[in-house]
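The values are calculated or read from the model by the stated rules, or taken from the named source; none is laboratory data. The shown structure was predicted, so the numbers you read here are calculated from the model rather than taken from an experiment. Backbone-built Cβ (ideal geometry, glycine too); neighbour counts: all protein chains shown.
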Amino acid sequence: MSQMPYSAAPAHVGVRQGFPALRVFGIVLVWFACTAWLRPLSLPDEGRYVGVAWEMLRSGNWVVPTLDGMPFLHKPPLFYWITAFALHLFGPHEWAARCASMGAAALTVAVVYSSVREWFDERAARTVAVVLATQPLFFGGAQFANLDMLVAACITISILLGARAALRYERGENCRNELIGLYVAMGCGLLSKGLIGIVIPVAVLTAWLGAVGHWRSLRILCWAPGAAIFGVMVLPWLVAVQSVHGEFLHYFFVVQHFQRFAGTGFNGVQPLWFYGPVLLVLTLPWSAWLFMRWRADGHARAKRPSIVSLMWLWLLGVVVFFSVPQSKLIGYVLPALAPLAVLVGTAIAPAAARAGKVLRLWRVSLALAALLCVGAAAAFALLDPKSSRGLAQQLAALRAQGEGVAFLDHYSYDLPFYLGDNPPIMVVSNWDPVDVRSHDNWRKELADAGSFAPELASQRLVDDAQFTASLCAGRIRWVVGKPDQIPTHAFLRAAPVVAAQGAFVLWHADIADPHFRAALACAAPR
């Protein structure tokens, strides 16, 4: 069998590399956690996903994620499971709500370190780990409670373990552990955000093995026990939800995957070139080293050409893949950050070892990167974030257990989390199906959730007449909205404003107050 252009690492590296990687995981986790508590949950994304996890914890339903009590089947459940467990373990704190992202990011750095240590040496591994952990975009993703970092970690680990398995196979070594890890990571990838957890690793590994002329290594990656592991991981949840909601599989795979990828009616529409500037700017100062790489030192590509080709294919493949859809969000490109770090770090390490100008630039870049990471986190905390934490805390101090809350033409996803409760929330808006489906926003998310539970949706997603009836019946005692909505709901003039945050105010709609009852024109109580 022909050999890839790769020389085996010393035997002791493979035997003992687990413990150094564990230390890297712990150190990096502390680095990510140091500012994770600074700011409240950001709306809409953090509030939405943490809110779903909070409902899962409060309801005890660990199979079907819910939003305002209605099935929220946009995404699979792994993030919700991890976050709900962290909230159960540590309590309802922002840093606990970000544990899934912080842990996934730290695990990514540890596996990248372990892989580079096997392929290159300890110095290169440490340098790459530092570069990855101090990229501002990666640091920010590690402290943002949504699904992007979790699936990026799964994709990154899948590609690295798949590459390690292929290289070990070429050398005639046992690669069972790498194959098990590969299929576990892909199973977690699907349970994190769906099919991209499989599609991207398979595409990158296939393209790489084809590019270096080793198609035969694909045989070892197509491993039957691994497919069984994958099936055991993902099928129970898919089958369980489908058995309860018969339209789930079509909605999850066709609507939320294929139609969303090819569609034009979703949020975040950006031009084709969007991710180029995003990567270059949000990974500074390390992205600048990409332009210096070939001139600074050709050591890495001379020593491990197959690894360098993998990293370039991986980096460009992720950027191209996510550039195709019109809907583009910054977090989508997180899987491209690990190969960028490897390309930069493996060029810096040997050059910096010789001291001189490169070493000085490395130290300046590291200081600047750390400053950018911590400074950005502090700046976002000091700015007025999109959050309902202040309003929710005031409501929690006034509201009795079980009293209903209504939102006027908006939905604050994070309110139940900050209330420390899971109250019945009524959302007053125009729920005409044609109007709702024409916009990719919170109304569509709630309407989609309501389509899986129509009876509950009829109680939660209401029009003005139903809202007024609920106020008269005393089912709603607290109303959150904007002052400019008073002309539409004139009776709110008779309700006292008890709290305010940003553009929103909180009214106490007490039906026992005769002035409010008169303004509401309710029938006199019998």
If I go through the range 387-423 residue by residue, how many of them are surrounded by fewer than 18 Cβ atoms within 10 Å (Cβ to Cβ), hydrophobic (A, V, I, L, M, F, W, C) and within 18 Å of GLY47 (Cβ to Cβ)? 1
Is it the case, given these coordinates, that VAL254 is among the hydrophobic types (A, V, I, L, M, F, W, C), touching a residue at least 40 places away in the same chain (Cβ under 8 Å) and assigned by TED's automatic domain parsing to the domain that holds LEU73? no
Let me confirm something: among ALA341, ALA349, which residue is over 30 Å from VAL269 (Cα atoms), touching a helix residue (DSSP H, G or I) at 6+ places or on another chain (Cβ under 8 Å) and in contact (Cβ under 8 Å) with a residue 12 or more places away in the chain? ALA349
Within the range 78-95, identify whether any single residue is farther than 30 Å from LEU235 by Cα, crowded, with 24+ Cβ neighbours inside 10 Å and aromatic (Phe, Trp, Tyr), and answer yes or no. no
Can you name the number of the only condition in (1) at pLDDT below 90; (2) farther than 28 Å from TRP362 by Cβ; (3) part of a helix (DSSP H, G or I) that ILE348 fails? (2)
Would you pick out the residues in the range 400-442 that are at pLDDT 90 or above, closer than 20 Å to TRP54 by Cβ and assigned to a loop (DSSP other than H, G, I, E, B)? HIS410, TYR411, SER412, TYR413, ASP414
Just checking, which of VAL281, VAL269, VAL308 is at pLDDT 80 or above, assigned by TED's automatic domain parsing to the domain that holds VAL364, among the β-branched types (Val, Ile, Thr) and exposed (fewer than 15 other Cβ atoms within 10 Å of the Cβ)? VAL281
Output the residues belonging to the range 121-152 that are under 17 Å from the mean Cα position of the chain (by Cα) and farther than 22 Å from LEU372 by Cβ. LEU147, LEU150, VAL151
Being modelled with pLDDT of 90 or more, closer than 25 Å to LEU209 by Cβ and surrounded by fewer than 17 Cβ atoms within 10 Å (Cβ to Cβ), is that true of even one residue in the range 319-332? yes
Assess whether ALA142 counts as being among the hydrophobic types (A, V, I, L, M, F, W, C) and within 23 Å of ASP45 (Cα to Cα). yes
Conditions: (1) surrounded by fewer than 20 Cβ atoms within 10 Å (Cβ to Cβ); (2) in contact with a helix residue (DSSP H, G or I) (Cβ under 9 Å, 6 or more places away or on another chain). GLY60 meets all but one. Number of the miss? (2)
Within 30 Å of ASP421 (Cβ to Cβ), among the aromatic types (Phe, Trp, Tyr) and touching a residue at least 12 places away in the same chain (Cβ under 8 Å) - does that describe any residue in the range 109-116? no
When residues of the range 191-217 are filtered for being under 22 Å from VAL254 (Cβ atoms) and not in a helix (DSSP H, G or I), how many remain? 2
Tell me, please, whether a residue that is under 30 Å from VAL254 (Cβ atoms) and either in a helix (DSSP H, G or I) or at pLDDT below 95 (or both) can be found in the range 170-181. no
Tell me, which residue of the range 483-496 that is surrounded by 13 or more Cβ atoms within 10 Å (Cβ to Cβ) and among the aliphatic types (A, V, I, L, M) is farthest from ALA406 (Cα to Cα)? ALA494
If a residue must be free of Cβ contacts under 8 Å to residues at least 24 places away in the same chain and either of a type in the set (Val, Ile, Thr) or surrounded by 19 or more Cβ atoms within 10 Å (Cβ to Cβ) (or both), how many such residues does the range 424-442 contain? 2
